Every structure is written in structure tokens, then in C-alpha cells.
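Q: So that we are looking at the same thing, I have put the structure below in C-alpha cells.
The values are calculated or read from the model by the stated rules, or taken from the named source; none is laboratory data. Please read all numbers here as calculations on a predicted model, not as lab measurements. Here Cβ is always computed from backbone atoms with ideal geometry, including for glycine, and neighbour counts include all displayed protein chains.
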Amino acid sequence: MIGLDFQVLLYLFGGAAAVATLALVGLIIVRLSSSPPDLSRHETEKYFCDPSKPGAKLPFPSIHDKPTLDLSVIVPSYNEEERLPGMLKETTEFLEDRQKRQPSFTYEVIVVDDGSKDKTTQAGLEYSRKLGVEKVRVLTFHHNRGKGGAIRLGLFSARGKQLLFADADAATKFADLENLEKLFKEINKEPHGMAIVCGSRAHLQDEAVASRSLFRTFLMHGFHFLVWFLCVRGIRDTQCGFKLLSREAAIRVFSNLHVERWAFDVEMLYIAQCLGIPIGEVAVHWTEIDGRLYPCSSLYVYCKLLNFCSGLS
């Protein structure tokens, strides 16, 4: 009984924090203007390197080109030289095994180095060297854009009919792609239609509450309330970094995305709902990885979301 009362108290505190944040946002939102999405690239971001041909610069294709592969996997990475190799090993082993079982299956992995200060690019290029640039490519940013910006340009450089983005920390078991694909087929009724399937950790929420600090749990409930109150309903976990999209859905949604940093997923799903794109959610295996939270950045995200939503109302 005490545990239940404590959880209710957390929800109340989280809701109160969200309402307080919303009130503060209301006071400063008039000072913010919503700039159009930045779809431009630095000259160096238009090309990728082939380790087998030193000095050669090969142009990335465009998402507006006709797809030539079955699946593109986008891996946004910032200072991930230590964790990226393990994620790429798990990912490519799964995809190579599928290709052996299904010889017609084709794929690529695009590592997007979001202006890292370490050797993230070199870690990605090791797999380009191992498997070839037809299967693994590295897009290195001239400057940091944020996770949403990294995923957008990664998607816009992809050749796949279906596009998956997955975090470099390997928090999600990559084999769960099969669960996403199953639901994708169910909700995507047309051969060239639009659909989005989100990996979900909602079934692990009670376990997360038990293992997280009181502060992180407090923020989690407050954020979930804000998301539900402002824009996205019907999706229990908007933030899991494991999502599968059709090519056309990626074009429509990410061409209109404004938020490029933390919580870009919320705007992504809001746009998709406004466009009537079918969205599904399926449970995935997930391991919590410690991360960093920047309150000022989060407040900026809330402001951008409010401004965006008000512009469409």
C-alpha cells in the first residue's frame, strides 16, 4: 500500500512540475520564433569515404531517388567510439545472417557522426573497411546538429525502402527489428504507403521506476504528461530510439521537422499524426544506459514544441 501511495505521489509531483513548466513556457513563448527546417549540408557532408580508395570522395544519394535496397539503418552517434563497435557488431551480424537466409535481402548501415570530438568516424570506417561501403557508410558532420538533425540527414542519404534508426549505445536488442517489421506490414496497407512503427519500453515502466533515482522518475512523469497534454496521444513511449519508417513517411515528416535535438521524436510523431500516417507501437527488449539531461535544453524543446503546435492549430 505504501509503495502504491508513493507511486501516486510521484505522478502528482510529476504532473505539478509539468504544469509549472508549461506556465513558464507560456510566459516566454512569445519571444521565440519558429525558423524553417535547415535542410542544407556543409560541402563535406555531401560525400562519404571508401577506405579501400584513400582520398576518394563518393556522393551520397538522395532520399528522393528511387530506393535500391530493402533496409537502411541510421545510427546517430556523438562521441561513441567506445560503444559504437559493439552496436555495429550486433547489427551487422544480424543483417548478414538474414542475408544468408534470404539472399535477395539487401541493406546498408549509415553511421552519422554528429560532430564528435573522439574517434567515432574511425570506428564506423572500420566496418566500412570490413564489409564495404555498399553495406556500411559514414556521414561525418562539420558541426554538431543534435540527434534529430543527425537522423534527418542520415535518412535523407539512405537508399532503403524501409528506414530504421537505432541508437549507438545498443540499448535496444537489434533482433527486435523483426517485431517492428511484423507490425509495419499490418498497418501499412498499400505497397508504397506510409507507416511508422515505434519500439516501446512502456511495458518496462514499473521496473524503470524501481531502478531509477527519484529525480529521474520525477522528470519522466512530468515529461510524459507534457507530451500527452501538448500533442502526441496514443503512443506510450515516444522516446525509444528504435523506430521503423517507410521511405515516403520519412520524406513527409522529416522535411517538416523543426526540433533537431532532444525530444525531436515528439514533433516527429505529432507531424505524422497531423498527416494521417499510421503509427504503431511494439514492445522491445531494452537495457537502460546512463545519459545526460540538460534542463535548459529541455525547456527550449518544450518551447519549440509549443510554438510548432500553435502554428498548426
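Q: Please verify whether segment 151-165 includes one or more residues that are among the basic types (Lys, Arg) and crowded, with 23+ Cβ neighbours inside 10 Å.
A: For segment 151-165, residues among the basic types (Lys, Arg) and crowded, with 23+ Cβ neighbours inside 10 Å: present.
Q: Being within 22 Å of Pro85 (Cβ to Cβ), at pLDDT 95 or above and surrounded by fewer than 21 Cβ atoms within 10 Å (Cβ to Cβ) is true for just one of Val138, Val133, Val111. Which residue is that?
A: Values: Val138 fails: surrounded by fewer than 21 Cβ atoms within 10 Å (Cβ to Cβ); Val111 fails: surrounded by fewer than 21 Cβ atoms within 10 Å (Cβ to Cβ).
Residue meeting the stated conditions: Val133.
Q: Those residues that are in a strand (DSSP E or B) and over 18 Å from the mean Cα position of the chain (by Cα), I need them from segment 102-136; list them, please.
A: Passing the criteria: Tyr107, Val136.
Q: Follow-up question, since we're still on this one. Restricting to segment 65-81, give me the number of residues that are within 20 Å of the chain's Cα centre (by Cα) and assigned to a loop (DSSP other than H, G, I, E, B).
A: Going through segment 65-81 one residue at a time, the tally reaches 4.
Q: Pairs, please: C-beta under 6 Å, at least 6 apart or cross-chain, first residue farther than 15 Å from Arg159 by Cβ and in segment 93-110, second at pLDDT 95 or above?
A: Every condition considered, the pairs that remain are Phe94/Phe174; Phe94/Ala175; Arg98/Phe105; Gln99/Phe105.
Q: Also, I was wondering about something else. Go through segment 20-64 and report how many residues are assigned to a helix (DSSP H, G or I), at pLDDT below 95 and either exposed (fewer than 10 other Cβ atoms within 10 Å of the Cβ) or aliphatic (A, V, I, L, M) (or both).
A: Summing the residues that are assigned to a helix (DSSP H, G or I), at pLDDT below 95 and either exposed (fewer than 10 other Cβ atoms within 10 Å of the Cβ) or aliphatic (A, V, I, L, M) (or both) in segment 20-64 gives 10.
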